[in-house]
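The values are calculated or read from the model by the stated rules, or taken from the named source; none is laboratory data. Everything numeric here is computed off the predicted structure, so don't read it as measured data. Cβ placement follows ideal geometry from the backbone for every residue including glycine, while neighbour counts extend to all protein chains displayed.
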Amino acid sequence: MLISIRLRTENRNDTHLKPAGDQMNSRTSIDVLVLGAGPSALAIASALVEEKLHVEVLSSNDHQDPWPYTYGIWGEEVDEFGLGHLLEHRWTNTVSFFGLGSLEPKSEENLPRNHTCDYGLFDKKKLQQHWIHQCEKASVNWHRGIASDIEIDGLTSTVTTAEGRKINARLVIDATGYKPVFLKAPYSGPVAIQTCYGVVGKFNKPPVEKGQFVLMDYRSDHLSKEERKEPPTFLYAMDLGNNTFFLEETSLGLFPPLTLEKLQARLQRRLAHRGLSITHLEHEEHGLFLPMNMPLPDMKQPLLGFGGAAAMVHPASGYMVGGLLRRAPSVAKAISLAMQDKSASSAFIAKKGWSALWPKDLRRKQALYHFGLEKLMRFQESQLRDFFTGFFDLPKEQWFGFLTNTLSLQDLVKAMWTMFLKAPWSVRLGLMGMQGRELRLLWQFVKPLN
């Protein structure tokens, strides 16, 4: 049976493209063609070569180009993977603030919540080179070009670039990010977007304690009562050493998203209220627009997705690198096993990959996470502060497992129920009222999609 997908994509600011070699026209030599060159693409490519598969990568940019964003991870996670040496910074003093706030430093409103858990920031270049080195040990070929068409014909998936060159493989994996080139997902309503505005630099006095990482600072005493009725934001902050600090005003997830101008103004108000000013600006981060509740892709497609393209961002935290590291090996193993049958079609191999990437329990958990995010998007600032105070009062194994998506389905339900029982009535009432698509999300928990 001929399965043909015909799609056209726009040039994504790619101009001087390097043509790929003649091996692009080989009909049977490639097992997997990975599209993309970001963390998701390199993570799955390196896992596939560990399975002794012949992998090649096609991306619109050079795979050595620096990544623009920072990637955080909990210390226990990175230790689990044995990758602690890839961290640029690691903090043991990890805290959050959920009080209203006060200019008086010793006020109860300024007491931090200690998370008793290390937090790390990857050295982006080291992480990138770690995956590239694994790929190059297996002689992965890197192609530069814009994927514009895909045709899947039984045993062969053929990607055509904008320049007319063709790459043939048994399976194509779309890891091109939140606006994938080929992968399709059903529309399920507006997507919540996490936005942020940040600065790296030196200040007239330390904005956080020496050696401290602040996961969330929801103190809002710099805002008027009317402003506190607006969509809430929090400060994400860290001491980078050498009197340099990273401060980022962040919106948890909203639709429509908060503008960068609003976030910048909020950060400036926060700093001025505490007598802080920037004495040397090293870097200004103009915002990351991170989709938090993307719908799961259509898993009947005869190609596979990975990373943001496959809705792998954690809906509750916005993190993904831990999930990439945790899930890539099992997906690669499933693909490798499926490919042992030389008569297996691209559609069959993709189906096995989807089953490993999104098994039923993970899909049910995803529906619960989306349901929870819908609730939090409706919360006012005071409710959010109360919610997170209660959330981090849970036993560490519960809140940590929730944020890392490592709880079993049963334990996730238990954690959410415990949170509900312990929450103040203002939070309980916000959790109980059903609005918008919340009932549909609960039904997807009972009967997962795909």
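The single condition among (1) over 30 Å from Ser220 (Cβ atoms); (2) crowded, with 21+ Cβ neighbours inside 10 Å that Gly120 does not satisfy is (1). Within segment 415-432, the residues that satisfy the criterion of being in contact (Cβ under 8 Å) with a residue 12 or more places away in the chain and either crowded, with 17+ Cβ neighbours inside 10 Å or not hydroxyl-bearing (Ser, Thr, Tyr) (or both) are Ala415, Met416, Met419, Lys422, Ala423, Pro424, Val427, Gly430, Leu431. The C-beta contact set for segment 209-234 (first residue assigned by TED's automatic domain parsing to the domain that holds Gly390 and of a type in the set (Ser, Thr, Tyr), second residue in a helix (DSSP H, G or I) and surrounded by 13 or more Cβ atoms within 10 Å (Cβ to Cβ), distance under 9 angstrom, 6+ apart or interchain) is empty. Taken as a whole, the condition of being assigned to a helix (DSSP H, G or I) and in the same structural domain as Ile44 (by TED's automatic domain parsing) does not apply to Trp399.
Which members of segment 217-236 meet the condition of being assigned to a strand (DSSP E or B), crowded, with 21+ Cβ neighbours inside 10 Å and not acidic (Asp, Glu)? Scanning segment 217-236 gives Phe234, Leu235.
Inspect all residues belonging to segment 290-303 and state whether any of them is out of contact with any Ser or Thr (no Cβ under 9 Å at 6 or more places or on another chain), surrounded by fewer than 17 Cβ atoms within 10 Å (Cβ to Cβ) and either basic (Lys, Arg) or part of a strand (DSSP E or B) (or both). Yes, that holds for at least one residue. For the structure I just gave you, tell me whether Asp393 is over 30 Å from Val331 (Cα atoms) and not in a helix (DSSP H, G or I). Yes. Quick one: would you say Phe391 is buried (at least 16 other Cβ atoms within 10 Å of the Cβ), without any contact (Cβ under 8 Å) to a residue 60 or more places away in the chain and among the aromatic types (Phe, Trp, Tyr)? For Phe391, the condition - buried (at least 16 other Cβ atoms within 10 Å of the Cβ), without any contact (Cβ under 8 Å) to a residue 60 or more places away in the chain and among the aromatic types (Phe, Trp, Tyr) - is met. For Val200, the conditions (1) in a strand (DSSP E or B); (2) surrounded by 20 or more Cβ atoms within 10 Å (Cβ to Cβ) are fulfilled apart from (2). Only a single item in (1) outside the structural domain of Tyr236 (by TED's automatic domain parsing); (2) small (Gly, Ala, Ser); (3) under 18 Å from Met216 (Cα atoms) is not met by Ser251, and it is number (1). Condition test on Ala347, is it buried (at least 20 other Cβ atoms within 10 Å of the Cβ) and modelled with pLDDT of 95 or more? Criteria not met by Ala347. Given (1) buried (at least 23 other Cβ atoms within 10 Å of the Cβ); (2) more than 30 Å from Thr156 (Cβ to Cβ), identify the lone condition not met by Val313. Of (1) buried (at least 23 other Cβ atoms within 10 Å of the Cβ); (2) more than 30 Å from Thr156 (Cβ to Cβ), only one is false for Val313: (1). Being buried (at least 17 other Cβ atoms within 10 Å of the Cβ) and either free of Cβ contacts under 8 Å to residues at least 24 places away in the same chain or part of a strand (DSSP E or B) (or both) is the requirement here; does Gln264 meet it? So Gln264 does not fit the description; no. Return a yes/no flag: does segment 275-286 have any residue that is surrounded by 15 or more Cβ atoms within 10 Å (Cβ to Cβ) and part of a loop (DSSP other than H, G, I, E, B). Yes: segment 275-286 contains one or more residues that are surrounded by 15 or more Cβ atoms within 10 Å (Cβ to Cβ) and part of a loop (DSSP other than H, G, I, E, B). The residue that is nearest to Val95 (Cα to Cα), among those in segment 238-261 that are small (Gly, Ala, Ser) and buried (at least 21 other Cβ atoms within 10 Å of the Cβ), is Ser251. Just one of the listed residues (Ile173, Ile152) is of a type in the set (A, V, I, L, M), under 27 Å from the mean Cα position of the chain (by Cα), closer than 22 Å to Ile335 by Cα and crowded, with 17+ Cβ neighbours inside 10 Å, and it is Ile173.
Within segment 93-124, the residues that satisfy the criterion of being at pLDDT 90 or above, touching a Gly at 6+ places or on another chain (Cβ under 8 Å) and not charged (D, E, K, R) are Asn93, Cys117, Tyr119, Gly120, Leu121, Phe122. Looking only at residues of segment 155-170 that are small (Gly, Ala, Ser) and either closer than 16 Å to Gly305 by Cα or in contact (Cβ under 8 Å) with a residue 12 or more places away in the chain (or both), we find that the one that is surrounded by the fewest Cβ atoms within 10 Å (Cβ to Cβ) is Ala162.
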